[in-house]
Protein chains: 2
Amino acid sequence: MSDWLPLSPAERSVAIEVLVHGPLSRTELARRLDLSQGSLTRLTKPLIESGLLVEAPWAGAQAEARQGRPSQPLDVVAESRSFLGFKITDEMVYGVVTSLRSDIVARLDRPLTGHDPGYVADLVAEMTAELADRHPTVAGIGIGVGGFVRAHAVVGESPYLRWRDVPLAQLVRERTGLPVVVENDVAALVEAETWFGAGRGLDRFVVLTIGAGIGYGLVLGGRRVPYAEEDRGFGLHWIIDPQGPLTPQGERGSAVSLLTVPSIRYQVRAATGRDASYEEILAGAAAGEPMAARVIGEAGRALGVLLAQIANFAMPQKILLAGEGVGLMDVAGDEVWDAVRSHRHPLAAPIGLETKVSDFHDWARGAAVLAIQVLVLGAAGG
Amino acid sequence: MSDWLPLSPAERSVAIEVLVHGPLSRTELARRLDLSQGSLTRLTKPLIESGLLVEAPWAGAQAEARQGRPSQPLDVVAESRSFLGFKITDEMVYGVVTSLRSDIVARLDRPLTGHDPGYVADLVAEMTAELADRHPTVAGIGIGVGGFVRAHAVVGESPYLRWRDVPLAQLVRERTGLPVVVENDVAALVEAETWFGAGRGLDRFVVLTIGAGIGYGLVLGGRRVPYAEEDRGFGLHWIIDPQGPLTPQGERGSAVSLLTVPSIRYQVRAATGRDASYEEILAGAAAGEPMAARVIGEAGRALGVLLAQIANFAMPQKILLAGEGVGLMDVAGDEVWDAVRSHRHPLAAPIGLETKVSDFHDWARGAAVLAIQVLVLGAAGG
DNA sequence: GGGATTACTTTTGCGGCGGAAGAATCTCGG
DNA sequence: CCGAGATTCTTCCGCCGCAAAAGTAATCCC
């Protein structure tokens, strides 16, 4: 249980394989990673000595009684280190403590009353102290922010925080003494889902998030595709219907104007004069209120078009629909699938769609996964 | 000038770097490939001895007189081996002879009067004999076919040839004694453009072809993304306008129905009763003939939508528009760009578009490039 | 011609890998 | 209960490929 060693590339691939794909025997690892059995003995030894891996008995089902010497499963010691993940929104900071496997073991939220970088860093440090008090094995911190992030450290541009070139990783590190990884929030969520969630083991995978904005993440060949222009505040640079509605947040007929939670609330408010919550609007649409039904129906069709386009051009094996606005699928599912059908070839493969009701703690968990990737395993997170 | 040795991974990367990025000195190669200078001496020696590389004087412009010992450029011996590339269409076989650099040095076409695999292989072997007679250094054959190809060898499914599981590589190899690589025609063209053409050195790159069908190829991280479902005869599984025209080739409002050469000719014929060539239709549209202008205008808008979608979701640095139908851009460029504008965010980066008037010999050249990749360099072409 | 500068080559040593042989641990069948 | 067979893991050895460093070569500048 000494300190984490810097891992060689081969050790790293072993550690990642075990971490992501559960307990595996040395022989199985050798097969998956295309290495000899001898190499696996050599590679796993320091990982076990350092406390990252452990030889654990098979858990129930997999303990098949076969001939020959039984295989010895290796597993990560999920609790040996904790990680903190933070998601910074306009007016809140959401924090979680996770295990090495990214299971959330604690939560803590705080309102954000200002956007000064120093103040935000102070708040994060405060929350870190509080969380680390109860979980003393914290090994690192991951922070997700909406906007453009450079080198896992500097917030190049974040429109809603009104930041430019803020060295957030350094600020938090100075206050906590812990290693810090900063990443775009969507990118972090995509990495988390690719490693531990809906995209585990998939080659081509898309994450689409609907919430305050629109997020889009593409995984090809098992790796997230980094986009320089990604998420600079425009959501997707994407006009679905040039004659569509115009909202303060987005261009006329854009995905942002049609689909995001604030835009839908704005449209209903503009039409009815009443301010309703997103849930109320969804319930109203389901109950047949005309204005709500119209706005939600239009949103559903827009989402269908979006899904069809993604399926056509990126051909993912699965699309994960996440964020605070996925309730749309429950109410307007028919409109979504109608639009998908009318924008795809009838013989095209059906879209593998998975929806995930996610809250801000899932975003924070994504940031924690980034920290795991970068800090423990030294993976080039993109 | 002995036979090609099987290359080690490091030798391969050196050979590819020199082949694709022109003459390079050893020091420059060491920098690009992140290897020591000593390794480069070691790696280049067998490549020079085998005749693949040669030390050549700098060609003019690059011969900067700097201080110190002048660098010694290494270049591939482009003429040391020739490659044959074939593109098999419905009614023709197009053949080219290329150098290692994929420059076309000869052409030969033959009509295809049947689709029996044995007959097609015979014809390719005949053309090979004729071409190899004049170019005795032929090292391999690449064949591009529309349809789904497995393992660089077997045509899994080709609708227009009405083939299923035809081991074309084996058939041609038996008749010629030369190594043969078979690949989907679009994939081959994409590889060729990625290595030697518009996509050279780019990280994110898209090829869109308009001709008898629609082709779409995506390059991310400098590598072509392989799609299992790609090009099984549907073109893009993609409906642009659910109320659009219906043609025999494609679904209503699909990219195939709106954009391909046969579909455009069909639409004009159905509307006017006269059978006109694609060029005549373009000229007519330019001259203001109503029906031609309507069909071509609609095609232009469809192309604009298509380009906008691709730019939105794949965010390539460049889109190459190729095929026999690119003349559309000259006549309907305004409609294309109007549609692009109305389907993209106004602040989104402009699309880097390159059009390439290409004929069937370019497709054959793409197949030859595949042969170079697989046979000489052992590159995993995907 | 001498020094500086840059490019390439040779030598040396080390780390990581595969392969082969051996040890460990199980089942099965007598 | 014991041995044969099966399977997993470990140990050991040798090779390959790399980096590092020192040496050699070719040029420019003064």
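The values are calculated or read from the model by the stated rules, or taken from the named source; none is laboratory data. Since the model is a prediction, treat every value here as computed from it, not as a measurement. Please note: Cβ atoms are built from the backbone with ideal geometry, for glycine as well, and neighbour counts cover all protein chains shown.
Of all the criteria given as (1) surrounded by fewer than 23 Cβ atoms within 10 Å (Cβ to Cβ); (2) within 14 Å of chain B (Cβ to nearest Cβ), the one not satisfied by residue A:344 is (1). The residues listed here are A:192, A:287; of these, the one that is among the hydrophobic types (A, V, I, L, M, F, W, C) and out of contact with any Gly (no Cβ under 6 Å at 6 or more places or on another chain) is A:287. Of the candidates B:302, B:283, B:322, the single residue that is buried (at least 20 other Cβ atoms within 10 Å of the Cβ), out of contact with any strand residue (DSSP E or B) (no Cβ under 7 Å at 6 or more places or on another chain) and modelled with pLDDT of 90 or more is B:302. With respect to the conditions (1) more than 8 Å from DNA strand D (Cβ to nearest atom); (2) modelled with pLDDT of 90 or more; (3) hydroxyl-bearing (Ser, Thr, Tyr), residue A:80 falls short on a single one, namely (2).
One residue alone among A:69, A:42 is of a type outside the set (Gly, Ala, Ser), within 12 Å of DNA strand D (Cβ to nearest atom) and at pLDDT below 90, and that residue is A:69. Of the helices (runs of 4 or more DSSP H) lying entirely inside region A:251-340, those containing at least 1 residues that are free of Cβ contacts under 8 Å to residues at least 12 places away in the same chain span A:261-272, A:278-287, A:290-314. Confirm whether residue A:34 is more than 14 Å from DNA strand D (Cβ to nearest atom), out of contact with any Pro (no Cβ under 6 Å at 6 or more places or on another chain), of a type in the set (D, E, K, R) and within 14 Å of another protein chain (Cβ to nearest Cβ). Yes: the conditions hold for residue A:34. One residue stands out in region A:348-371 among those that are of a type in the set (A, V, I, L, M, F, W, C) and in contact with a Lys or Arg (Cβ under 9 Å, 6 or more places away or on another chain): the one that is nearest to the other protein chains (Cβ to nearest Cβ), namely A:351.
Show the residue pairs that are 6+ apart or on different chains and have beta-carbon atoms under 6 Å apart, the first residue being within region B:32-45 and assigned by TED's automatic domain parsing to the domain that holds residue B:21, the second being near DNA strand D (Cβ under 6 Å from one of its atoms). These pairs meet every condition: B:43/B:10.
Run down A:304, A:333 and say which single residue is over 24 Å from residue A:274 (Cβ atoms) and within 14 Å of chain B (Cβ to nearest Cβ).
Answer to the selection: A:304.
Of all the numbered requirements in (1) modelled with pLDDT under 90; (2) touching a Pro at 6+ places or on another chain (Cβ under 9 Å); (3) not hydroxyl-bearing (Ser, Thr, Tyr), residue B:167 misses one, and that requirement is (1). The listed residues are A:55, A:91, A:49, and the only one of them that is more than 14 Å from chain B (Cβ to nearest Cβ), near DNA strand D (Cβ under 9 Å from one of its atoms), surrounded by fewer than 17 Cβ atoms within 10 Å (Cβ to Cβ) and within 28 Å of residue A:368 (Cβ to Cβ) turns out to be A:55. Quick check: is even one residue across region A:205-218 more than 20 Å from residue A:259 (Cβ to Cβ), assigned by TED's automatic domain parsing to the domain that holds residue A:87 and among the aromatic types (Phe, Trp, Tyr)? Checked region A:205-218: no residue is more than 20 Å from residue A:259 (Cβ to Cβ), assigned by TED's automatic domain parsing to the domain that holds residue A:87 and among the aromatic types (Phe, Trp, Tyr). Hey, can you tell me all the residues within region B:245-265 that are more than 10 Å from chain A (Cβ to nearest Cβ) and crowded, with 20+ Cβ neighbours inside 10 Å? Result: B:245, B:247, B:257, B:258, B:259, B:260, B:261, B:263, B:264.
For (1) touching a Ser or Thr at 6+ places or on another chain (Cβ under 7 Å); (2) within 13 Å of another protein chain (Cβ to nearest Cβ); (3) farther than 28 Å from residue B:347 by Cα, each residue gets a yes or a no:
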{"position": "A:145", "(1), (2), (3)": "yes, no, no"}
{"position": "A:149", "(1), (2), (3)": "no, no, no"}
{"position": "A:163", "(1), (2), (3)": "no, no, no"}
{"position": "A:166", "(1), (2), (3)": "no, no, no"}
{"position": "A:171", "(1), (2), (3)": "no, no, yes"}
{"position": "A:187", "(1), (2), (3)": "no, no, no"}
{"position": "A:196", "(1), (2), (3)": "yes, no, yes"}
{"position": "A:206", "(1), (2), (3)": "no, yes, no"}
{"position": "A:210", "(1), (2), (3)": "yes, no, no"}
